[in-house]
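Only one structure is covered here, and it is reproduced in the block below.
Every read-out reported here was derived from the displayed coordinates using simple, explicitly stated rules and does not represent laboratory data. In this text, all values refer to a predicted model and were calculated from it rather than measured experimentally. Cβ coordinates were reconstructed from backbone atoms using ideal geometry, including for glycine residues, and neighbour counts include every protein chain displayed.
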Amino acid sequence: MTLEKKIENEVKTALKNGDKIKVSTLRMLKADIANARLTGEKRDLKETDILKIVQRQIKQHKDSIEQFEKGKRQDLVEKEKKELLILQGYMPEQLSDQELENIISETVSELGATGKKEMGKVIKAVMEKTKGRAEGKKVSQIASGLLSHSGASHDKDSDTKKG
């Protein structure tokens, strides 16, 4: 069953069960998917396209939670957290930090990336490889750390050659 079909079926189930939060969350997701079809070049969305939409909504919910916590709006924080859990249920199992670090390290080697200026290229390649199993923010943090270390050791080598 496709992800889109699963979402459709779960909207129906949530309606029958009277789960208002799940219904509203999934309807927003379905609206985003429909909107992507209308505005995008792709009429036929692939699973990866739908996962990107889910991922974008997850990011928006996390940002909202952060803002509501700053504004001391616990009622809205709780609502956003419930919606976030629903959305996360549609994502594939996330990679562990170690698995992700291995993939990023491998990608850095494959691309021959040596510094932070190539970080965008590395992140894009890693996101393609992980297909929704890693958050962009986490990939960025790990890649940044790896590239700054490789860049730093690269700089040290050039300093010792000068000396």
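Enter the Cα centre distance for the pair the range 92-123 and the range 1-70, rounded to the nearest angstrom.
28
Using packing as a proxy for protection, rank 52-62, 86-96 so that the peptide with the highest average count of other Cβ atoms within 10 Å comes first.
Listed from highest to lowest mean packing, they are 52-62, 86-96.
Anything over 28 Å Cα to Cα? Flag those among LYS22/LYS137; LYS46/LYS137; LYS82/LYS137; LYS22/LYS121; LYS22/LYS124; LYS16/LYS82, in the order listed. Please report the intermediate quantities before stating the final value.
Working: LYS22/LYS137 26 Å; LYS46/LYS137 23 Å; LYS82/LYS137 21 Å; LYS22/LYS121 37 Å; LYS22/LYS124 32 Å; LYS16/LYS82 19 Å.
Violating the 28 Å limit, Cα to Cα: LYS22/LYS121; LYS22/LYS124.
Using 7 Å Cα-to-Cβ label points, what is the ASN35/THR2 separation (nm, one decimal)?
Those two pseudo-labels are separated by 2.0 nm.
Could you tell me whether the range 1-85 comes out rounded, prolate or oblate from its Cα gyration tensor? Rule is a ≥ b ≥ c as square roots of the eigenvalues, rounded for a/c under 1.5, then prolate if a/b exceeds b/c, otherwise oblate.
Taking the square roots of the gyration eigenvalues as a ≥ b ≥ c, the range 1-85 is oblate.
So what does the Cα-only Debye profile of the chain read at q = 0.14, 0.15, 0.19 Å⁻¹, as log10 I(q)/I(0), no solvent term?
Listed by q, the Debye log ratios stand at -0.85, -0.93, -1.19.
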